[in-house]
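Step one of this worksheet: look at the structure below.
The values are calculated or read from the model by the stated rules, or taken from the named source; none is laboratory data. Quantities reported herein were computed from a predicted structural model and do not represent experimental measurements. Neighbour counts run over all protein chains shown; Cβ positions are idealised from the backbone, glycine included. All accessible areas refer to the heavy atoms of the entire protein, side chains included, with ligands and DNA or RNA removed. Shrake-Rupley method; radii C 1.70, N 1.55, O 1.52, S 1.80 Å.
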Amino acid sequence: MKRSAVLGVLVTIVASAWLAGAAAAATGPAVVGAISNSTTLSGTASVAVSGNYAYAASYWSGQLNVIDLSNPASPTLVASTASMPQMIGAVNVTIVGTHAFVTSKNQNGPCAPGPAPSCASGSNDDGNGNSLTVVDISNPLAPVVVPVHTQSGTDLFGAYAVAISGNYAYVASQGLIGGQPTSPDTSTGSFSVIDLASGAIVATIQNSPSGAYGNWLDHATGVSISGNYAYVTSYKGQRLTTIDISNPTSPGLVASVPDSTNLAAPNDVATQGNFAYVPNQVDSGLEFSIVNISNPLAPAVVASLSDPHLFGAYRVRVRGNFAFVSAPDAGSVATIDVSNPSAPRLVDAVTDSRLDNVDGLAISSTGRYLIATAPRLPADTATTYPPYPLQTGGPANTGTVSVIDLEPSPLSVVIAPTSEPANPTTRILANFSFAVSDAVTTVQCSLDGAALSACTTRKTASYG
């Protein structure tokens, strides 16, 4: 904070990290700690945080792992659930209260090892995955898988993302993917509602390739809830779809915004206020888009962003004025200033070998750290067909959970002395220029003790 007397008035310039009142990084966010192994963390693709613990779900091992974050420089694996068939293929984890909710997609059944053609006539359902599993984490050191789980090769075929609201879970499932055997499960995407008390599926909307709602849920991979509406990404349909969930047992498709440019491959969605934030899993074009959802019945894309640090944009998490995006093809986690939704700007990106193939992303409870998961090392094989990692003859996949410090050193703001008028002065204008030590900040100015508001630019403030 710098105060300068100008023309008898007081000018205040404040720069704050996205976490209000905290310091930010003078040298930029950086990975400060990580933990890896090729067993319980094999294929770890998703993570959520509660208190001082991160909960990482592992694709190949079918486990939920508990990692102590109390020392960010040395995260420690302190507990894991047993490997469960329904959790094999875990791709997402969401925490509400004392429970973690894990979605798991399908695996192919027995077929000859090799590329897709050798498995085209096999089975796309070996009995694993296609499920929502609930884990009691009231004691982080002893997580317990709740006996009742929901598994379905029809309604939850390729279960990918989950959001919780009240007594219901809302699951987006991707359905068939390219190169995969096409039977016995045939869905091309769906949206399901699960009663958490019983584990029963109370409603499902299947993707339809034609008709009034053609491909509105084609390869559904992300879901976020805002009020009485769920927002679902249709990866192959290249759109964001609005679903009315005011009656959870009878959800209804109400709107969809198709956009092959701004929503070329939408993989995830996060909502905050009047906006939805969508990463596109592409390596060229627009990797990040913002959709205005103030009118749920008429969502509209308002801005998009492209940057090499966003290649393969996969997961998005939003808090305050910043969106955080994992980008596996870039091996980075990027920070985007969304304080002006019509003009997002990439302000920082952490690139680190431990973030290669990074998928999962979560914000720590304090807001100071990002927790990121990478399912395999750069040298590991991205196996799609048997034998899988952890199976006899399968390749090793070493999963990594990394801790990114968003503010490793104090924040500072310095007004350029040459920009300040003399004191006293007869000038009727004052044009300040200043420097902020970190890009991951929101800068605001105040004149005469008035409420803080946006400065003229991020580096200047002009007064008359």
statement: Selection over the range 126-168 where residues are modelled with pLDDT of 90 or more, acidic (Asp, Glu) and over 28 Å from Ile67 (Cβ atoms) yields a count of 1
- prompt: Can you name every residue in the range 37-52 that is surrounded by fewer than 24 Cβ atoms within 10 Å (Cβ to Cβ) and in contact with a strand residue (DSSP E or B) (Cβ under 8 Å, 6 or more places away or on another chain)?
  reply: Asn37, Ser38, Thr40, Val49, Ser50, Asn52
field: Among the residues listed as Ala25, Ala82, the single one being in a loop (DSSP other than H, G, I, E, B) and modelled with pLDDT under 60
entry: Ala25
- request: List every residue pair whose Cβ atoms lie under 6 Å apart, where the two residues are 6 or more positions apart in sequence or sit on different chains, the first residue falls within the range 403-418 and is in contact (Cβ under 8 Å) with a residue 60 or more places away in the chain, and the second residue, located anywhere, is open to solvent by 20 Å² or more (accessible area, probe 1.4 Å) and of a type in the set (D, E, K, R).
  value: Leu406/Arg368; Glu407/Arg368; Val413/Lys2; Ile415/Lys2
field: Residues (assigned to a loop (DSSP other than H, G, I, E, B), within 24 Å of the chain's Cα centre (by Cα) and hydrophobic (A, V, I, L, M, F, W, C)) located in the range 193-248
entry: Leu196, Trp216, Leu217, Ile245
message: So, in the range 144-162, how many residues would count as being open to solvent by 10 Å² or more (accessible area, probe 1.4 Å) and of a type outside the set (Val, Ile, Thr)?
response: 7
- prompt: Quick check: is even one residue across the range 347-358 within 25 Å of Val102 (Cα to Cα) and open to solvent by less than 10 Å² (accessible area, probe 1.4 Å)?
  reply: yes
query: Failed condition for Val254, given (1) part of a strand (DSSP E or B); (2) more than 23 Å from Gly97 (Cβ to Cβ); (3) open to solvent by less than 50 Å² (accessible area, probe 1.4 Å); (4) not charged (D, E, K, R), with all others met?
result: (3)
Residues of the range 343-376 that turn out to be in a loop (DSSP other than H, G, I, E, B) and either polar (S, T, N, Q) or touching a residue at least 60 places away in the same chain (Cβ under 8 Å) (or both), as a count: 10
- prompt: Can you tell me which residues in the range 53-73 are closer than 21 Å to Asp126 by Cβ, hydroxyl-bearing (Ser, Thr, Tyr) and open to solvent by 10 Å² or more (accessible area, probe 1.4 Å)?
  reply: Tyr59
query: Is it true that some residue in the range 302-311 is at pLDDT 95 or above, assigned to a loop (DSSP other than H, G, I, E, B) and crowded, with 23+ Cβ neighbours inside 10 Å?
result: no
- prompt: Is it true that Ser462 is without any contact (Cβ under 8 Å) to a residue 40 or more places away in the chain, of a type in the set (Gly, Ala, Ser), farther than 30 Å from Phe324 by Cβ and open to solvent by 40 Å² or more (accessible area, probe 1.4 Å)?
  reply: yes
message: Quick check on my filter: what residues within the range 327-346 are open to solvent by less than 30 Å² (accessible area, probe 1.4 Å), over 14 Å from Ala30 (Cα atoms) and of a type outside the set (A, V, I, L, M, F, W, C)?
response: Pro328, Asp337, Pro341, Pro344
query: Out of the range 352-384, which residues are aliphatic (A, V, I, L, M) and out of contact with any strand residue (DSSP E or B) (no Cβ under 7 Å at 6 or more places or on another chain)?
result: Leu377, Ala379, Ala382
statement: For the range 390-433 the number of residues that are in a loop (DSSP other than H, G, I, E, B), closer than 19 Å to Ala374 by Cα and either of a type in the set (Val, Ile, Thr) or open to solvent by less than 30 Å² (accessible area, probe 1.4 Å) (or both) is 4
message: Being of a type in the set (S, T, N, Q), buried (at least 24 other Cβ atoms within 10 Å of the Cβ) and under 20 Å from Val269 (Cα atoms) is the requirement here; does Ser165 meet it?
response: no
message: Anything in the range 434-459 that is of a type outside the set (S, T, N, Q), modelled with pLDDT under 85 and crowded, with 19+ Cβ neighbours inside 10 Å? List them, or say none.
response: Val436, Asp438, Val440, Val443
- prompt: For the range 258-301, what are the residues that are among the β-branched types (Val, Ile, Thr) and open to solvent by 20 Å² or more (accessible area, probe 1.4 Å)?
  reply: Thr261, Thr271, Val282, Val301
task: Return the pairs, sorted by first residue and then second, in which the second residue is modelled with pLDDT under 95 and assigned to a strand (DSSP E or B), the first residue lies in the range 221-240 and is open to solvent by 40 Å² or more (accessible area, probe 1.4 Å), the beta carbons are less than 7 Å apart, and the residues are 6+ apart or on different chains.
output: none
